[in-house]
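Asks: Before I ask anything, let me first share the structure, which is written out below as structure tokens.
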Amino acid sequence: MPIASVNPATGETLRTFDALDPSGVDQRLARAEAAFHGWRSTPFAARAGLMHRAADLLERDQEAVARTMTEEMGKPLVQARAEAAKCAKAMRWYADHAESLLADEHPAPADVADAGASRAYVRYRPLGPVLAVMPWNFPFWQVIRFAAPALMAGNTGLLKHASNVPRTALAIEDLFRRAGFPEGCFQTLLIGSGAVEGVVRDARVAAVTLTGSEPAGRAVAAAAADEVKKSVLELGGSDPFVVLPSADLDAAVRTAVRARVQNNGQSCIAAKRFIVHTDVYDRFLAGFTEGMRALRVGDPMDEATDVGPLASRQGRDDLEELVEDARVRGARIECGGGRPMGWDTGWFFEPTVLTGVTPAMRIHREETFGPVATVYRIADLDEAVALADDTPFGLSSNVWTRDEGEQERFVRDVQAGGVFFNGMTASHPALPFGGVKRSGFGRELSGHGIKEFCNVTTVWIG
């Protein structure tokens, strides 16, 4: 079946590609395995030089890369440029830090002697070809945050990107090729989802990482486990945004709007459930609703656009169903609630604020992947913590309070991979990223991320 690049702002098919046949997949797996044997022995300095070269090329081509992302999945062009710049930053960070992050670890001399050794240490060795199954919502960043640490650790990379961003997937492969990485170090597999399990099970693939939906994560992790292969999963999120009385309310309101609609609301770590103390609820809701209503929806290529289309018709339809289910069950629509006027083509949805949400509504438990926010009123800290944790997901969380005791309570009790105080959840190469519960397992980024796909080897010398 052809793989199509479709502009979500217009519904126009931009280009189609033939999927790789089994022979084409086999050839790429063979190249990845062959490349690994040489790449694993390449000195860190040489790897770093190539990674810096790739970052330089990405910065030079930033505008073209950004336009490709916007055309394929609809993110506002301004945000696409920022995504490309963030990728270059992460590539340089790993180029500069990989060697120290993976340096040999030496136990205390007394422990070495107690282990009966004259010398002992821990070395981090690469595993081999790693398959990355990546989503469309941050089509460059999701890949680079896997590829930069994996390649710097000495692994080779195989990318199965989302089928609606094939041009971006090929651009990433071309970036590493032009930077001078050896043939087979990083390759894109243009295949459908039905072909993924076969690649996971191939003996030449050492491990797999997936960012995406829970069903996709379950399928890939099950196949990897059956083959006894390492996997890392970053799945959905329904992050709370808690506002308590000591918060800087104006800053919280401004950040809340940005946190909900970044990337057209299609972000796993976007704030989705806004949990507000009754003492500041009315003021927060008024400011937040005004801010959401004022956002400009439109052509993502327009520099003035705040919110572009959703990436697919199915995504738009799923969001409509969640909002309608909440409405018929008694939720109040404070603003938005449907398709914007004047945009008959493309898959647009208005920035929307819902109140009066109850556990009987699907939107209370399911992830809203689009510019729709639910706002809850809570009476005290205990209720805030309980509601923040009342979700099957556990990716990250945002809490607005200047009270250190309240901060410590959230760090202790909220089951999430991150707790961000008085700011918006974001990823950075120096900080580990990932979740718990149904948001997945394992970590990306930082030293934790680069070690996920390493053989942690004990060296004992008698």
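Residues are listed down the side, and each one gets a yes or a no for (1) buried (at least 20 other Cβ atoms within 10 Å of the Cβ); (2) among the polar types (S, T, N, Q); (3) in contact (Cβ under 8 Å) with a residue 60 or more places away in the chain; (4) in a helix (DSSP H, G or I):
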residue	(1), (2), (3), (4)
390	no, no, no, no
396	yes, yes, yes, no
407	no, yes, no, yes
425	yes, yes, yes, no
449	yes, no, yes, yes
458	no, yes, yes, no
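Asks: Given (1) touching a helix residue (DSSP H, G or I) at 6+ places or on another chain (Cβ under 9 Å); (2) surrounded by fewer than 23 Cβ atoms within 10 Å (Cβ to Cβ); (3) of a type outside the set (A, V, I, L, M), where does residue 104 come up short, assuming only one miss?
Replies: Among (1) touching a helix residue (DSSP H, G or I) at 6+ places or on another chain (Cβ under 9 Å); (2) surrounded by fewer than 23 Cβ atoms within 10 Å (Cβ to Cβ); (3) of a type outside the set (A, V, I, L, M), residue 104 violates only (1).
Asks: Something else now. Consider residue 275 carefully, then state whether it is assigned to a strand (DSSP E or B), touching a Lys or Arg at 6+ places or on another chain (Cβ under 7 Å) and among the aliphatic types (A, V, I, L, M).
Replies: no
Asks: Further question: Among the strands (runs of 3 or more DSSP E) contained in segment 112-216, which hold 2 or more residues that are of a type in the set (A, V, I, L, M, F, W, C), surrounded by fewer than 24 Cβ atoms within 10 Å (Cβ to Cβ) and not assigned by TED's automatic domain parsing to the domain that holds residue 310?
Replies: 119-126
Asks: Same structure, new question: Filter segment 311-347 down to the residues that are of a type in the set (Lys, Arg) and touching a Phe, Trp or Tyr at 6+ places or on another chain (Cβ under 7 Å), then identify the one that is surrounded by the fewest Cβ atoms within 10 Å (Cβ to Cβ). Break it down into steps so the answer makes sense when it comes.
Replies: Residues of segment 311-347 of a type in the set (Lys, Arg): 313, 316, 327, 329, 332, 339.
If we keep only those that are touching a Phe, Trp or Tyr at 6+ places or on another chain (Cβ under 7 Å) too, we end up with 313, 316, 339.
Values: 313: 14, 316: 19, 339: 16.
So, considering only residues that are of a type in the set (Lys, Arg) and touching a Phe, Trp or Tyr at 6+ places or on another chain (Cβ under 7 Å), the one surrounded by the fewest Cβ atoms within 10 Å (Cβ to Cβ) is 313.
Asks: Follow-up. Within segment 152-185, how many residues are touching a strand residue (DSSP E or B) at 6+ places or on another chain (Cβ under 8 Å) and farther than 20 Å from residue 25 by Cα?
Replies: Of the residues in segment 152-185, 2 are touching a strand residue (DSSP E or B) at 6+ places or on another chain (Cβ under 8 Å) and farther than 20 Å from residue 25 by Cα.
Asks: Looking only at residues in segment 271-283 that are touching a residue at least 60 places away in the same chain (Cβ under 8 Å) and in contact with a helix residue (DSSP H, G or I) (Cβ under 8 Å, 6 or more places away or on another chain), which one is farthest from residue 396 (Cα to Cα)?
Replies: Taking the candidates together, the pick is 277.
Residues checked against (1) more than 20 Å from the chain's Cα centre (by Cα); (2) assigned to a helix (DSSP H, G or I); (3) in the same structural domain as residue 288 (by TED's automatic domain parsing); (4) touching a residue at least 60 places away in the same chain (Cβ under 8 Å):
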site	(1), (2), (3), (4)
300	yes, no, yes, yes
304	yes, no, yes, no
310	no, no, yes, yes
317	yes, yes, yes, no
320	yes, yes, yes, no
323	yes, yes, yes, no
326	yes, yes, yes, no
333	yes, no, yes, no
338	yes, no, yes, no
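Asks: May I ask you to list the residues in segment 428-437 that are in contact (Cβ under 8 Å) with a residue 24 or more places away in the chain, in contact with a helix residue (DSSP H, G or I) (Cβ under 7 Å, 6 or more places away or on another chain) and surrounded by fewer than 20 Cβ atoms within 10 Å (Cβ to Cβ)?
Replies: If the condition is that a residue be in contact (Cβ under 8 Å) with a residue 24 or more places away in the chain, in contact with a helix residue (DSSP H, G or I) (Cβ under 7 Å, 6 or more places away or on another chain) and surrounded by fewer than 20 Cβ atoms within 10 Å (Cβ to Cβ), then 430 is the only one that fits.
Asks: Pick from 129, 215, 139, 149: which is under 22 Å from the mean Cα position of the chain (by Cα) and free of Cβ contacts under 8 Å to residues at least 12 places away in the same chain?
Replies: Checking each option against the conditions leaves just 215.
Asks: For segment 281-289, check the following and say yes or no: at least one residue is modelled with pLDDT of 95 or more, out of contact with any strand residue (DSSP E or B) (no Cβ under 7 Å at 6 or more places or on another chain), surrounded by fewer than 19 Cβ atoms within 10 Å (Cβ to Cβ) and more than 19 Å from residue 381 (Cα to Cα).
Replies: Among the residues of segment 281-289, at least one is modelled with pLDDT of 95 or more, out of contact with any strand residue (DSSP E or B) (no Cβ under 7 Å at 6 or more places or on another chain), surrounded by fewer than 19 Cβ atoms within 10 Å (Cβ to Cβ) and more than 19 Å from residue 381 (Cα to Cα), which makes the answer yes.
To keep it simple, each residue is scored yes or no on (1) at pLDDT below 95; (2) more than 14 Å from residue 147 (Cβ to Cβ); (3) of a type outside the set (A, V, I, L, M, F, W, C); (4) under 19 Å from the mean Cα position of the chain (by Cα).
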position: 61; (1), (2), (3), (4): no, yes, yes, no
position: 64; (1), (2), (3), (4): no, yes, no, no
position: 67; (1), (2), (3), (4): no, yes, yes, no
position: 79; (1), (2), (3), (4): no, yes, yes, yes
position: 86; (1), (2), (3), (4): no, no, yes, yes
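Asks: Could you say which residue among 449, 435, 462, 405 is out of contact with any Pro (no Cβ under 8 Å at 6 or more places or on another chain), under 30 Å from residue 82 (Cβ atoms) and of a type outside the set (A, V, I, L, M, F, W, C)?
Replies: Result of the check over 449, 435, 462, 405: 435.
Asks: If you check 256, 251, which single one turns out to be more than 19 Å from residue 414 (Cα to Cα) and crowded, with 21+ Cβ neighbours inside 10 Å?
Replies: 256
Asks: Just wondering, is there one or more residues in segment 340-349 that are of a type in the set (D, E, K, R) and modelled with pLDDT of 95 or more?
Replies: no
Asks: Where residues in segment 34-81 are buried (at least 18 other Cβ atoms within 10 Å of the Cβ), in contact with a strand residue (DSSP E or B) (Cβ under 8 Å, 6 or more places away or on another chain) and charged (D, E, K, R), which of them is nearest to residue 103 (Cα to Cα)?
Replies: 72
The values are calculated or read from the model by the stated rules, or taken from the named source; none is laboratory data. A quick note: this is a predicted structure, and the numbers were derived from the prediction, not measured. All Cβ positions, glycine included, derive from the backbone under ideal geometry; neighbour counts span all protein chains shown.
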